[in-house]
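Here's the structure, in structure tokens; my notes come after.
The values are calculated or read from the model by the stated rules, or taken from the named source; none is laboratory data. In this text the structure is predicted, and so the values were computed from the model without any measurement. Glycine gets a Cβ as well: all are built from the backbone with ideal geometry, and neighbour counts include every protein chain shown. Remember, those area values only see protein heavy atoms, side chains included, never the ligands or the DNA or RNA. Shrake-Rupley method; radii C 1.70, N 1.55, O 1.52, S 1.80 Å.
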Amino acid sequence: MEVFDYEDIQLIPNKNIIKSRSDADTSVKFGPKTFKIPVVPANMETVIDDDLAVWLAQNGYFYIMHRFQPEKREGFIKMMHSKDLYASISVGIKPEEYEFIDQLVADNEKPEYITIDVAHGHSDYVIQMIHYIKEQLPDSFLIAGNLGTPEAVREIENAGADATKIGVGPGKACITKLKTGFGTGGWQLAALRLCSKAARKPMIADGGIRYNGDIAKSVRFGASMVMIGSLFAGHEETPGNLISIDGKKYKQYWGSASERQKGAYRNVEGRQMLVPYRGHISDTLNEMEQDLQSSISYAGGRKLNDITKVDYVIVKNSIMNGD
């Protein structure tokens, strides 16, 4: 098996067929809706909140609300629907989550998207939750993860998930590989390629994105959507606290399995850090769209899916070595 990560891969250009890069179409249909670009902010407490979710939904972007304030989730669905916007929430697999699903059914509050958000998603308990949600809320588009192997993708898809989330510990705030010895950290892009061989439904590539070009690489290796944490965490609109150190601005960012998120030091596989302040998220999203349009033009295409047809080379750690 070829093992590589984002910095090890360069995509090979094809003949350009569009007059202007602005003619390239970056939109993607994911579930019941179509979005401007194949990018979603990570469903983490320092990356997404109610206000940002509203702005993203109003402006044609995908979002997934985090699961760390469970008592507010039904109110969030009602709020989004009252604004004629789609609702996209996260759930876990604890017993109270089944009660939450029952409550949504009783109140006729049906989110358009539900994500089962578990660090190790290849699990009997995740499969049980998939079955339950699909029985109770069959019209909700169900995403399940996180996964890192073709076997996991097959089993989770066959259980009824409408999409899978790929990535076990490759994120910047994640230390799973250091704490456990397991995961896709360091070979996330190769893991995505491997999983794409088994996938028959959409995949979200989750973690390891350091540059905008990594979005195109994710699409090339099978992702329909790309989840981004640290690159989004530093914006004015994201929830982390703004901190100034020696005249430079930073925002707080922590992993979902960090001590800060858990409120206790147990089974910690994430860390807290500061990321550089990056201004308004709309500017970053526009830049991502423009860079993706350029990627499509280099791919010799007109639309996002054309990136999947290009060839690539493995240039081990070329960026890391300064080449």
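Size check on the stretch 105-153: the Cα extents along the three principal axes, sorted descending, read 36, 17, 15 Å.
Structural descriptor for the stretch 1-116: relative contact order 18 percent, calculated from alpha carbon pairs under 8 angstrom and at least 6 residues apart.
Computed from the alpha carbon positions, the gyration tensor of the stretch 169-213 leads to an equivalent ellipsoid with semi-axes of 20, 14, 8 Å, biggest first.
Over the stretch 119-267, the Kirkwood radius and the radius of gyration, each from Cα atoms, give a ratio Rg/Rh of 1.01. Shown is the FRET efficiency for residue 83 and residue 139, computed with R0 = 22 Å from the Cβ-Cβ distance and rounded to the nearest 0.05: 0.65.
Taking square-rooted eigenvalues a ≥ b ≥ c of the alpha carbon gyration tensor, is the chain rounded, prolate or oblate, where a/c under 1.5 means rounded and, failing that, a/b exceeding b/c means prolate? Taking the square roots of the gyration eigenvalues as a ≥ b ≥ c, the chain is rounded. Between the beta carbons of residue 71 and residue 294, assuming R0 = 45 Å, the FRET efficiency works out to 0.55 to the nearest 0.05. In this Cβ point-charge picture (+1 for Lys and Arg, -1 for Asp and Glu), the chain has a dipole of about 820 debye about its Cα centre. Taking amide H positions as modeled 1.01 Å from N, with prolines and chain starts lacking one, the residues under 5 Å from residue 227 and 5 or more places away or on another chain are 40, 205, 206, 207. Each residue, residue 311 and residue 200, gets one label point 7 Å from its Cα in the Cβ direction; the gap between the two is 3.2 nm. Under the simplified labelling scheme, the residue 246-residue 283 pair shows an inter-label distance of 2.3 nm, with each label point 7 Å from Cα along Cα→Cβ. Average accessible surface for the chain: 46 Å² per residue, computed with a 1.4 Å probe over protein heavy atoms with every protein chain in place. For the pair the stretch 71-86 / the stretch 1-23, the C-alpha centres are spaced 39 Å from each other.
Applied to the stretch 147-154, the Karplus parametrisation 6.51 cos²θ - 1.76 cosθ + 1.60 on θ = phi - 60° returns per-residue 3J(HN,Hα) values of 10, x, 9, x, 4, 5, 4, 4 Hz, with x for Gly and Pro.
The label point for residue 16 and the one for residue 151, both projected 7 Å from the Cα toward the Cβ, are 4.7 nm apart. Computed from backbone phi, the HN-Hα couplings of the stretch 277-293 come to 5, 10, x, 8, 5, 4, 5, 5, 5, 5, 5, 4, 5, 5, 5, 5, 4 Hz, rounded to whole numbers (Karplus: 6.51 cos²θ - 1.76 cosθ + 1.60, θ = phi - 60°; Gly and Pro given as x).
For the stretch 1-42, with equal point scatterers placed on the C-alpha atoms only and solvent neglected, what are the log10 I(q)/I(0) values from the Debye formula at q = 0.24, 0.28 1/Å, to two decimals? Normalising to I(0) and taking log10 leaves -0.96, -0.96.
Length gained on full extension, residue 124 to residue 108, computed as 0.36 nm times the residue gap minus the Cα-Cα distance: 3.0 nm. Take the convex hull of the alpha carbons in the stretch 1-160; its mean projected area over all directions comes to 12.1 nm². Look at the alpha carbon pairs under 8 Å that are at least 6 residues apart: their mean separation over the length of the chain gives a relative contact order of 24 percent. Please report, to two decimal places, log10 I(q)/I(0) for the stretch 114-199 at q = 0.15 Å⁻¹ as given by the Debye formula with identical point scatterers on the Cα atoms and no solvent. Log-scaled intensity ratios, in q order: -0.52. Peptides 195-203, 208-216 ordered by packing proxy, namely the average of other Cβ atoms within 10 Å per residue, highest first: 208-216, 195-203.
Quick one: Cα centre-to-centre distance for the stretch 221-252 and the stretch 143-161, in angstrom? Between the Cα centre of the stretch 221-252 and that of the stretch 143-161, the gap is 28 Å. Computed from backbone phi with θ = phi - 60° and the Karplus coefficients 6.51, -1.76 and 1.60, the 3J(HN,Hα) list for the stretch 5-20 is 10, 4, 6, 8, 10, 10, 7, 9, x, 10, 4, 6, 10, 10, 6, 10 Hz; x is used for glycine and proline. For the peptides 182-192, 109-119, residues were scored by their other Cβ atoms within 10 Å and the scores averaged per peptide; the highest-first order is 182-192, 109-119. Shown for the chain: the carbon plus sulfur share of the solvent-accessible area, taken with all protein chains present and a 1.4 angstrom probe, equals 47%. Residues whose amide H falls under 5 Å from that of residue 251, counting only those 5 or more places apart or on a different chain, are 243, 275, 277, with hydrogens built in the peptide plane. As a calculated quantity, the FRET efficiency between residue 179 and residue 158 at R0 = 22 Å, using C-beta atoms, amounts to about 0.15. Database remark: amide H of residue 303 closer than 5 angstrom to the amide H of 25 (H placed geometrically; neighbours at sequence offset of 5 or more, or on other chains; Pro and chain starts carry no H).
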